[in-house]
Amino acid sequence: MWSGTTSLPAGLARCQPCRRADPVRGTRADPAQRYALDCAWCHAGFTAANRKRTYCTSACSGKAYSATHLTRAITDPHVTRARRDQAAPGLSIKRRAKLNHAWQKQGRACAYCDQPSTTVDHVVPLVRGGTNYEGNLTPACRPCNSSKSGSLIIEWRTGKRLALHAAIQGG
């Protein structure tokens, strides 16, 4: 535990428990004590007071952050699902949770198997162009909701995936 606020001359600090002096701690690194590093983003050389510094500027740090997180935003299915969920018109996540709670208080059962409902299911899934409006939502138990996944009800019941144009035209 080093302390630099003492009556000692400037730049001389002491360890409080053992009172050992350390001439380096408690001072800002002068140019002779800096490290020559390369920026991990633009590969430009720069000097830093500590070796843990990775980027030459906050701009390079921001660009590197954006690049790694943009890759995640494109490839991570959880991020994609959350973005699709937020973009769909209709009720917010909180409103859907309140709706589910109201359904549970009313004793509404799963629309597919008559078990107690624990989740909100999209009749037309978001991935198939559905919305978050109450008319597209129905109570469902976790097993039914999970197995239905991104299918329409008729596809889920029959086990056959409909062609997109057939699903739109109704036949």
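The values are calculated or read from the model by the stated rules, or taken from the named source; none is laboratory data. Since we're looking at a predicted model, the values are computed, not measured. Glycine gets a Cβ as well: all are built from the backbone with ideal geometry, and neighbour counts include every protein chain shown.
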Just wondering, is there one or more residues in segment 50-59 that are touching a Phe, Trp or Tyr at 6+ places or on another chain (Cβ under 6 Å), over 30 Å from Leu126 (Cβ atoms) and modelled with pLDDT of 90 or more?
yes
In the list Gly135, Gly130, which residue meets the criterion of being part of a helix (DSSP H, G or I) and modelled with pLDDT of 90 or more?
Gly135
When you check Gly130 against the structure, is it in contact (Cβ under 8 Å) with a residue 40 or more places away in the chain, among the small types (Gly, Ala, Ser) and assigned by TED's automatic domain parsing to the domain that holds Thr158, yes or no?
yes
Could you say whether any residue in segment 118-125 is without any contact (Cβ under 8 Å) to a residue 40 or more places away in the chain, acidic (Asp, Glu) and either in contact with a strand residue (DSSP E or B) (Cβ under 9 Å, 6 or more places away or on another chain) or in the same structural domain as Cys42 (by TED's automatic domain parsing) (or both)?
yes
Is at least one residue of segment 56-77 more than 27 Å from Ile153 (Cβ to Cβ) and aromatic (Phe, Trp, Tyr)?
yes
When you scan segment 84-107, how many residues do you find that are surrounded by 15 or more Cβ atoms within 10 Å (Cβ to Cβ) and in a loop (DSSP other than H, G, I, E, B)?
2
Say whether the condition of being surrounded by 16 or more Cβ atoms within 10 Å (Cβ to Cβ) and of a type outside the set (A, V, I, L, M) is met by at least one residue in segment 59-66.
yes
Failed item in (1) in contact with a strand residue (DSSP E or B) (Cβ under 6 Å, 6 or more places away or on another chain); (2) closer than 30 Å to Pro139 by Cα; (3) not hydroxyl-bearing (Ser, Thr, Tyr), with Pro77 passing the rest:
(1)
Can you find a residue in segment 65-84 that is in the same structural domain as Ser149 (by TED's automatic domain parsing) and among the aromatic types (Phe, Trp, Tyr)?
no
Check off (1) modelled with pLDDT of 90 or more; (2) of a type outside the set (Lys, Arg); (3) within 30 Å of Trp41 (Cα to Cα) for Leu99 and give me the number that stays unchecked.
(3)
